[in-house]
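What follows is a single structure, written as structure tokens, with notes after it.
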Amino acid sequence: MSFNIRLLIVSLAFSLVASPATYAGKVLTALAGDLVVIEGKSVNPATVQSSSNTHVAFYFSAEWCPPCRKFTPGLVTWYEEIKKKYPGFELIFVSSDKSPADMEKYMEGYKMSFPAIKHTKIEQHMDLVKATGNGIPNMTFMDADGNVLSTAYADGNYRGPGAVLKDIETVLATNATAPASSASNTVGQGAFDIFKDKR
């Protein structure tokens, strides 16, 4: 490998580690610049607070899916409450809608206040976010470094996103009262490692 290529690789790695970006942990770093949020009727880049980010959940859903439409209103209310209690937590919408316009219509119609991966960038991040089964509504909960803590599918059985919400509440409450040294209540293998091993 030539010196110039090595220098470029080191420079890129250093910029990811040392950059004063507003993202922390492997998960949000990987999504930097690819998150959006609905504000009124506008889609804008999302700013996620990095310094306190401890946990991330991915919500897989679509407007065309009746069970998703039934689950989403309660999730929006739940998110607004949990975010007040645990600002280090972030929920990210991963759309299965057919187009960016359909995704935006769904987000706006259900007043989703949490960020979403840009519709045009979802495929690029599927190795990061798709750690469980294919059905929707679906949810995966992990720490900021991608260690999976809970999923809507356990041993091939569908538990649903409601079960994940309960797990999220338990983990966040435990971490809020735990000493700093034990705050990363990680269970299982990281999502990055799972997909790396499958390749």
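The values are calculated or read from the model by the stated rules, or taken from the named source; none is laboratory data. Here the structure is a predicted model, which is why all the values come from computation and not from measurement. Positions of Cβ are backbone-derived with ideal geometry, glycine not excepted, and every protein chain shown enters the neighbour counts.
Against the list (1) modelled with pLDDT under 80; (2) among the hydrophobic types (A, V, I, L, M, F, W, C); (3) within 13 Å of the chain's Cα centre (by Cα), the condition Leu31 fails is (1).
Every test in (1) touching a Gly at 6+ places or on another chain (Cβ under 7 Å); (2) more than 25 Å from Gly74 (Cβ to Cβ); (3) at pLDDT 90 or above is passed by Ala152 save one, and that test is (2). Determine whether Asn147 is over 17 Å from the mean Cα position of the chain (by Cα), surrounded by 14 or more Cβ atoms within 10 Å (Cβ to Cβ) and modelled with pLDDT under 90. No: the conditions fail for Asn147. Filter segment 55-71 down to the residues that are more than 19 Å from Val171 (Cα to Cα) and aromatic (Phe, Trp, Tyr), then identify the one that is surrounded by the fewest Cβ atoms within 10 Å (Cβ to Cβ). The extreme case among them is Trp64.
Every residue, every condition in (1) crowded, with 19+ Cβ neighbours inside 10 Å; (2) of a type in the set (Asp, Glu); (3) modelled with pLDDT of 95 or more, yes or no:
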residue: Ser50; (1), (2), (3): no, no, no
residue: Asn53; (1), (2), (3): yes, no, no
residue: Pro73; (1), (2), (3): no, no, yes
residue: Thr77; (1), (2), (3): no, no, yes
residue: Pro87; (1), (2), (3): no, no, no
residue: Phe93; (1), (2), (3): yes, no, yes
residue: Ser113; (1), (2), (3): no, no, no
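Consider segment 34-54 and keep the residues that are more than 22 Å from Val171 (Cα to Cα) and small (Gly, Ala, Ser). The one that is nearest to the chain's Cα centre (by Cα) is Ala46. Among the residues making up segment 82-99, a single one is within 18 Å of the chain's Cα centre (by Cα) and more than 18 Å from Ala57 (Cβ to Cβ): Asp97.
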